[in-house]
Amino acid sequence: MKFPLLWQRLRLPLLAALIVLASLAARATWEQMQAYGRASTLDKTGKVDEAIDEYRWTLRWYTPWGPKWTDAAEALVRIAKSADQPEPMRAMRALDALRSGLIAGRHLWQPRADLVAYVNQTIPAVMVRVAEKTGDQRDKAQLLAQFTKDYARPIGVSPLTSAAVSLGFLAWLLGLLMLARRGLDAEARVTPHGWRWLGVAVCGFILWTLGMWLG
């Protein structure tokens, strides 16, 4: 197949894939900036508990180039440290928001795995202080051991999740490319063979999306 004809068939699928990726990236970046703006305003006006929830959302809208992602993580660390002794409940909420937000940004690797490790090591003692403050009569040493065990989990992304994300993305692109190359007739109508490649592309996109979201 000559290059001009190949390019003519490939340009629309490639453009569609590019538009989808650019749209996802733009939305995530926009939502991240909006959530951080709300969090910063709440934080400055003393509404720290509400700010914690918005900082969590800032982290959940992860992009590698995110302009406010690191700032949100550092803000939650600051809140947790400042509230550790006087308000352990707030410190626990900040640490939980930090951990869940960071884990929500996992893809082929875990962004800021060092902060996830910091939370896993720090939050058990904070949870013991919360239990003590709420009148829990259980032995502190046993509680600490239990909470430490609960948070002693592997940090990172499982090989299965990485494989799902990688294979889903490759299947998505391969399906679109093969649809354009061998799944269209001379009038650019989808052939029976082309519908199979379209199915591969759709399944690949679904697998990639689920891997990114649930992994």
Which numbered condition Arg181 fails, given (1) modelled with pLDDT under 80; (2) in a loop (DSSP other than H, G, I, E, B); (3) over 30 Å from the mean Cα position of the chain (by Cα): (2)
Residue, farthest from the chain's Cα centre (by Cα), within segment 147-162, restricted to residues that are assigned to a helix (DSSP H, G or I) and surrounded by fewer than 14 Cβ atoms within 10 Å (Cβ to Cβ): Lys149
Filter result for the condition that a residue is over 24 Å from Trp61 (Cβ atoms) and of a type outside the set (Phe, Trp, Tyr), over Leu108, Leu210, Leu115, Leu170: Leu170
Filter result for the condition that a residue is assigned by TED's automatic domain parsing to the domain that holds Ala131, under 21 Å from His107 (Cβ atoms), part of a helix (DSSP H, G or I) and of a type in the set (Gly, Ala, Ser), over Ala80, Ala72, Ala94, Ala51: Ala72
Some residue of segment 93-108 being farther than 15 Å from Val126 by Cα, at pLDDT 90 or above and among the basic types (Lys, Arg): no
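The values are calculated or read from the model by the stated rules, or taken from the named source; none is laboratory data. All figures in this text were calculated on a predicted structure; none of them were measured in a lab. So basically every Cβ, Gly included, is an ideal-geometry build from the backbone, and we count neighbours across all protein chains shown.
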